[in-house]
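Please read the structure below before turning to the comments.
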Amino acid sequence: MRIELVKNLVRETGQRALAYAGRFQSLLKADTSPVTEADLFIQEFLAHRLKSLFPPYKFMAEEKVNRFENIGYDDYVWVIDPIDGTDAFREGLPVWGVSVGLVHRFQPVLGVFYMPCSDTMFYRDENGTAYMNGKVITRPEGHISRTVYVTSGFHRHFEVGFKGKIRALGSTVAHLCYLALGAGQGAVIKGFPWDVIAGYAILEATGGRLFTLDQKPFDIEQMMRSGDKTPFIVASPHAGYPDFAYGLIPKS
């Protein structure tokens, strides 16, 4: 099965990245976000291996922006983030990982996210089932989380009426995976396709959804065809717009 091949590859890639930590140089991309030598090395390694395993598939990756105008509706496309959480990786914090999603007909069909520091792997298989470390993800009965996950720059853009806890852990995909576990009321995220796809594949498999700030279902195809950074997205652990998001007040 594809998922077993991808899981093994992503785990190997994560261990390579972990060994690389602490001996890299950090650069700035055109949008001023950081990129390390590890990002570039890991992406090259991943892309080469995926191409050898699945030659017909196309791919989109963080450190080489490919627009999606030439992607057909029936194409399979790998969407890769070699290190989701580059700031955390660079600063020696543990919440970062290797993220690989597969898209077909502009919908996620599988996703793998591996965090080497804790040896934690989230994934969604081709049957639409989500797992953490080999166990099917099931949410605890009756548990109501008071946590909302946000981007690192969230405080510059919103006033919040939410009375629970707000956390920015440094990895968008990790935020989505924790929502899949039921460890949050929702999340406010922002990013490019590679920041979203694998995490959304896992979240969707547990019943979660993505929305725009005006409560409309988020359009994955539009995001992928443009290849641009998204506006803010609201992630919900269930099929409805999350209650906390009604209290988001954009700053003028």
(request) Being within 26 Å of LEU181 (Cα to Cα) and in a loop (DSSP other than H, G, I, E, B) is the filter; apply it to the range 231-252 and report the residue that is modelled with the lowest pLDDT. (result) PRO231
(message) Can you tell me how many residues within the range 91-113 are surrounded by fewer than 24 Cβ atoms within 10 Å (Cβ to Cβ), part of a strand (DSSP E or B) and not aliphatic (A, V, I, L, M)?
(response) 3
(request) Among the residues of the range 184-230, count how many are part of a loop (DSSP other than H, G, I, E, B) and in contact (Cβ under 8 Å) with a residue 60 or more places away in the chain. (result) 4
(message) Here are the criteria: (1) modelled with pLDDT of 90 or more; (2) out of contact with any His (no Cβ under 8 Å at 6 or more places or on another chain); (3) farther than 14 Å from TYR114 by Cβ; (4) not basic (Lys, Arg). Tell me which single one THR86 does not satisfy.
(response) (1)
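The values are calculated or read from the model by the stated rules, or taken from the named source; none is laboratory data. Since this is a predicted model, take the numbers as computed values, not measurements. Heads up, the Cβs are rebuilt from the backbone with ideal geometry, glycines too, and the neighbour counts pull from every protein chain shown.
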